[in-house]
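Structure, as structure tokens:
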Amino acid sequence: MKSIPPVHKVKGYGTGNMYIVEGEELVLVDTGVPRDYRLLVDRIKSLGRSPVEVGHILLTHFHVDHAGCADAFRRLSHAKVYAHKDDVPFIEGKERIESIHKKGVLGRAASLVPNTAHKYTRVPSVEVDEPLEDGDVIPVLHGIKVMHTPGHTPGSACFYLEEYGVLFTGDAIINSYHFLTLPTVGFSNDFDEAARSVCRVADIFEDGGLWLICPGHGPIVEQDPREKLLRLRGRIMRKGRA
Ligand SMILES: [Zn+2]
Ligand SMILES: [Zn+2]
């Protein structure tokens, strides 16, 4: 039996999920849009904890509905901010999504909706204390494994709490309520790469080890997360999409 750690989901105004994981210190996985700050602070207080106890902020990617109040929390609690190194320039405001577009990496759909894409570039920048690479283990909560899952953004990452079998997927895998799926094409830099990343994650959990999937959007998957993930891989392999 794995013991399930206290993972609390907070749904933000921008529909992105934020997670509070309680350990000795608090760990935030994603931080919503800027106006979610109050929501997150209130939820932390409702747990009988204080926002200054946030020691670690893990960002699955740079989009505003995930990185929006990371800076506010870092200032408040001096928490360390972690993100995959390929998203760090965007999180720190040194590069904007248009610049990948110019390099021809941005997916075709995002170029069809430039206004929406632009909206997603206005993220309050935050300094990243720990740029991550695939396979890194963050020494918190008995070890949080970093899985680089590029496609949605260049530095999209999943975080796996090995001890508890909990996988935070950000927008690499989202839950549409009926099934797991890939993020919307319009918001992804490279949809084919995103599909390959998901297959790689499913391969890792082929033999188990998965108790909960905590997606960037939609409800937590408590029932048959592994089966649902393998089904998603099956659909991608058959149709080349989810
Ligand atoms: Zn999102
Ligand atoms: Zn996103």
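Where does the chain land at 222 nm, in deg cm²/dmol rounded to the nearest 500, when only DSSP H runs of n ≥ 4 count, each adding -39500 (n - 2.57), divided by all residues? Write down the numbers at each step before the final one.
Numbers: 9 runs with 72 residues, N = 242.
Calculated at 222 nm, the ellipticity per residue is -8000 deg cm²/dmol.
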Original post:
Zone of Lys9 (label point 7 Å along Cα→Cβ, backbone N under 19 Å): which residues in segment 208-227?
Top reply: 210-227
Original post:
Going by average Cβ neighbours within 10 Å, how do the peptides 229-235, 180-186, 209-215 rank, with the highest at the top?
Top reply: 209-215, 180-186, 229-235
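Could you list Arg38, Arg238, Arg43 so that the one with the fewest beta carbons within 10 Å of its beta carbon is first and the one with the most is last? Don't skip to the answer; put the middle values down first.
Values: Arg38 11, Arg238 8, Arg43 17.
With the fewest neighbours first, Arg38, Arg238, Arg43 line up as Arg238, Arg38, Arg43.
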Subject >> Spin-label pair Arg75/Arg96, simplified geometry with 7 Å Cα→Cβ offset, distance in nm >> reply: 2.2 nm
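Could you tell me which of the pairs Lys80/Lys228; Lys94/Lys145; Lys80/Lys239; Lys11/Lys80 are separated by over 31 angstrom between their Cα atoms in the structure shown?
Working: Lys80/Lys228 33 Å; Lys94/Lys145 26 Å; Lys80/Lys239 40 Å; Lys11/Lys80 22 Å.
Checking Cα-Cα distances, Lys80/Lys228; Lys80/Lys239 exceed 31 Å.
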Original post:
In percent, what relative contact order does segment 7-239 have, based on Cα pairs under 8 Å that are 6 or more apart in sequence?
Top reply: 15 percent
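Among 46-52, 220-226, 197-203, 25-31, how do they line up from the highest to the lowest mean number of other beta-carbon atoms within 10 Å? If you can, show how the numbers build up before the last one.
On the way: 46-52: 12.9, 220-226: 15.7, 197-203: 19.1, 25-31: 25.7.
Highest mean packing first, the order is 25-31, 197-203, 220-226, 46-52.
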Original post:
For a label point 7 angstrom out from the Cα of His178 toward its Cβ, which stretches of segment 199-242 have the backbone nitrogen within less than 14 Å?
Top reply: 242
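Report the gain in length on full extension from Ser46 to Asp129: 0.36 nm times residue separation, minus Cα-Cα distance, nm rounded to one decimal.
Numbers: separation 83, 0.36 × 83 = 29.88 nm, distance 2.81 nm.
Length difference between fully extended and current span is 27.1 nm.
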**OP:** At 0.36 nm per residue, minus the direct Cα-Cα distance, what do Glu53 and His142 gain on full extension? Give it in nm, one decimal, please.
**Re:** 30.3 nm
**OP:** Please order Ile144, Ile91 by the number of other Cβ within 10 Å, starting at the fewest.
**Re:** Ile144, Ile91
Original post:
Mind listing P(r) for the chain? All alpha-carbon pairs, 5 Å bins, whole percents.
Top reply: 1, 7, 15, 20, 21, 17, 11, 5, 1, 0
**OP:** Hey, could you grab the Kirkwood Rh for segment 137-242? Inverse mean 1/r over distinct alpha carbon pairs, Å, one decimal.
**Re:** 13.5 Å
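When Tyr13, Tyr160, Tyr177, Tyr37 are ordered from fewest to most other Cβ atoms inside 10 Å of their Cβ, what list results?
Numbers: Tyr13 14, Tyr160 22, Tyr177 8, Tyr37 19.
Fewest-to-most ranking of Tyr13, Tyr160, Tyr177, Tyr37: Tyr177, Tyr13, Tyr37, Tyr160.
Read-outs: derived from the displayed coordinates by stated rules, not from any lab. As the structure is a computational prediction, the values presented were derived from the model and not from experiment. Every residue, glycine among them, receives a Cβ derived from its backbone with ideal geometry; neighbour counts consider all protein chains shown.
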